[in-house]
Structures are given as structure tokens and as C-alpha cells.
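Novice: Below is a structure I'd like to ask you about.
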Amino acid sequence: MTKSEFLIILRKNLISLPEQDRRKTIQYYAEMIDDRIEEGFSEEDAVEQIGPVYELIAQIKSDYGETTSVNTSEPNRKQHKKSVNIGVMILLILGFPLWFSLLMAVFSVLLVLCVSLWSCIIALWSVFVSFIACSVGGIILGVIFNMLGRFVSGTAMIGAGIILTGLTIFTFYACKAATKGAAYLTKETAVFIKNCFTKKEASL
């Protein structure tokens, strides 16, 4: 049960209390749930630690000298959750060959995509390194050619080296951005896979 569901049931069943008392009571339990969430508990666990909501309502009404009848029109979520969990476990066992094959196929696709993505990143950095080598080599050869009196070829090589130097700078920033994006996508994919397993374990 979430915090909002808990407080809605509490507010609905304490309608007979004085407005100020009802508001203070609801605020008290809302802060109690928030404190447990700050301690690291999930919202559902924080609510569950307070105790069964209808028993709590009966206790509060008893403290105010009222009858302990409560509105239990809400379905019994725990019982429903248990039955759902059993059904899910049965489906998982019976459908193991199918869902396991699909799971392996999804993982294989994700692995191939990650490998392909990082292969492209490596290729980009290889282009960057080759640009550096070509620009430096072009300028050096151009200077040598000019020293040998081959001014046309030397000047052309120096110009090409300068152009490649500009491309090297541009390629560096492109590689840097691409690497950052690939790292982000890889991280988000890993978090997604982790959350899938975490949610599955929580549902069981």
C-alpha cells in the first residue's frame, strides 16, 4: 500500500473525529511514513511497518471513545497480492522455456548493440589518431621538402597538415561527445536490466 492510499483510507474512516484532531492524526502518520522513507525504506515498507490500517483506525477511534467499526470497502491488498504472486510463480515455472529464450535473445541483442556502439567509438578514436599522425607527418615532410627546394610540394604538404590539424581538433570533440553518449547509454541499459531483475524479485 502506498502512502497516499494509506492516508486516503485513514481520512475516510476518521471523518467522525473533530477536524483538528483528524488533521493532526493524519499529519502524524504522514510524517512517520516520511521519516521511514528517509531512513531508506521503500514507501510500501514504510507503510507496512506502521501496521494494518484498519486495526490502526480501530485503535484511534477507541482512544477517542468511539465505536471501532471501520469502512473496509477497500479490497484486502495483502491477500490479493499473495494470490497474484502465486499465479505469477506458476506462470513463470510453466513458461520458463519461452521466457528464458526471449530473455536470452534480448540480452544477446543488447550485447551486440553495446559491442557495435563501442566498436564505432573505437573507430572514431582511431580516425582521430590517424589525423594526428597525418597532420604532424604532413607538416614535417612539408618542411623537409621546402628545405630541399621543392617548395610547391612542401607548401602543399604543410597546408594539408594544417587542414588535418583543424580536422583533428574537430574530431577530438566529436569523439569526446560520442564517448560520453555511449557511456551514458551503456549505464542506462545496465540500470534498466538491474531494475528489471529487482522488480521481478520484489514481485516474487
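Novice: Go through the range 143-159 residue by residue and turn each phi into a ³J(HN,Hα) via Karplus (6.51, -1.76, 1.60, θ = phi - 60°); whole Hz please, and just put x for glycine and proline.
Specialist: These are the phi-based 3J(HN,Hα) values: 5, 4, 4, 5, 5, 8, x, 9, 5, 5, 5, x, 5, 5, 5, 5, x Hz.
Novice: Then there is this: Please work out how much length the chain gains when fully extended from residue 16 to residue 125, using 0.36 nm per residue of separation minus the C-alpha to C-alpha distance, in nm with one decimal.
Specialist: In short, 32.1 nm is gained.
Novice: Rounded, prolate or oblate: which one fits the range 12-58, using the alpha carbon gyration tensor with axes a ≥ b ≥ c (rounded when a/c is under 1.5, else prolate when a/b beats b/c, else oblate)?
Specialist: Note, shape of the range 12-58 comes out oblate.
Novice: Hey, with R₀ at 25 Å, roughly what FRET efficiency would residue 187 and residue 2 work out to, going by the Cβ-Cβ distance, to 0.05?
Specialist: Plugging the Cβ-Cβ distance into 1/(1 + (r/R0)^6) gives 0.30.
Novice: Another question, then. To the nearest 0.05, what FRET efficiency results for residue 89 and residue 178 with a Förster distance of 45 Å applied to their C-beta separation?
Specialist: 0.55
Novice: Determine, for each peptide in 153-164, 28-39, the mean count of other beta carbons within 10 angstrom over its residues, then list the peptides with the highest first.
Specialist: In decreasing order of mean packing, 153-164, 28-39 become 153-164, 28-39.
Coordinate-derived values only; no laboratory data. Because the structure is predicted, anything quoted here is derived from the model rather than measured. When we count neighbours, we look across all protein chains shown, and the Cβ atoms used for this are built from the backbone with ideal geometry, even at glycine.
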